[in-house]
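S.K.: Structure in structure tokens, see below.
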Amino acid sequence: MLTLVVVGTVGLSSLALPFSAAAAVDDDINRTSQKISEISGKKDAAQTEIGTITDTIAKNEENSVKLVAEMKETQATLKTLTTEVTALNEKIAQREDKLKEQARTIQVNGDTQNYIDFVLSAKSFGDVVGRVDVVSQMVSANQDLVKEQKSDKEEVASKQKETETKSQEQAL
């Protein structure tokens, strides 16, 4: 009887073993399928993220090209402004020398008196009118010179301010 029990137990266990092994394999297959699904989802998410990053890089490259073009344009403008300021400063210096020379001449020679003497030494009324017109044109020319000087100095200040603004924009 003992042999029968042992043989029966061994026989039954050999029948039950394939079922428990099959269940374990099914569990392994299910877990592996879940892991594959998780990895596949992570892969899809990574590909989406790579696409987003690629788009961002493309936009940044476009922006950098635009910024470089703007920087070149700003540098050209700065160069032009600097040239204009230099030219205006030269004109101002030349005009300043003329004005100083005229002021010195007036102080040394008493040019105001010379204008009066010039008008009073006229021989006729028509000559007086002509001489007054000449003196008026000389005074007007000096006033125009002073106005041009003032205008050019204001323009220099404006262009220097614009140059500073462009330089600051460039720095940003």
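S.K.: Identify, from the list 49, 73, the residue that is at pLDDT 85 or above, open to solvent by 80 Å² or more (accessible area, probe 1.4 Å), acidic (Asp, Glu) and under 28 Å from residue 169 (Cβ atoms).
M.R.: Values: 49 fails: under 28 Å from residue 169 (Cβ atoms).
One residue alone meets the criteria, 73.
S.K.: Let me ask something else about it. Among the residues of segment 76-99, write down those that are open to solvent by less than 60 Å² (accessible area, probe 1.4 Å), without any contact (Cβ under 8 Å) to a residue 24 or more places away in the chain and either among the hydroxyl-bearing types (Ser, Thr, Tyr) or under 16 Å from residue 157 (Cβ atoms) (or both).
M.R.: Within segment 76-99, 87, 93 qualify.
S.K.: Follow-up. Quick test for you: out of 110, 126, pick the one residue that is out of contact with any His (no Cβ under 7 Å at 6 or more places or on another chain), open to solvent by less than 90 Å² (accessible area, probe 1.4 Å) and at pLDDT 75 or above. Explain how you work it out, then say what you get.
M.R.: Details: 110 fails: at pLDDT 75 or above.
None of the others qualify; the one that does is 126.
Conditions (1) of a type in the set (Phe, Trp, Tyr); (2) open to solvent by 90 Å² or more (accessible area, probe 1.4 Å); (3) at pLDDT below 75; (4) closer than 30 Å to residue 169 by Cα, marked per residue:
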| residue | (1), (2), (3), (4) |
| --- | --- |
| 4 | no, yes, no, no |
| 8 | no, no, yes, no |
| 21 | no, no, yes, no |
| 24 | no, no, yes, no |
| 27 | no, no, yes, no |
| 33 | no, no, no, no |
| 36 | no, yes, no, no |
| 40 | no, no, no, no |
| 63 | no, no, no, yes |
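The values are calculated or read from the model by the stated rules, or taken from the named source; none is laboratory data. Since this is a predicted model, take the numbers as computed values, not measurements. Note: ideal-geometry Cβ built from the backbone for every residue, glycine included; neighbour counts use all protein chains shown. These accessible areas exclude ligands, DNA and RNA; they are computed on the full protein's heavy atoms, side chains included. Shrake-Rupley method; radii C 1.70, N 1.55, O 1.52, S 1.80 Å.
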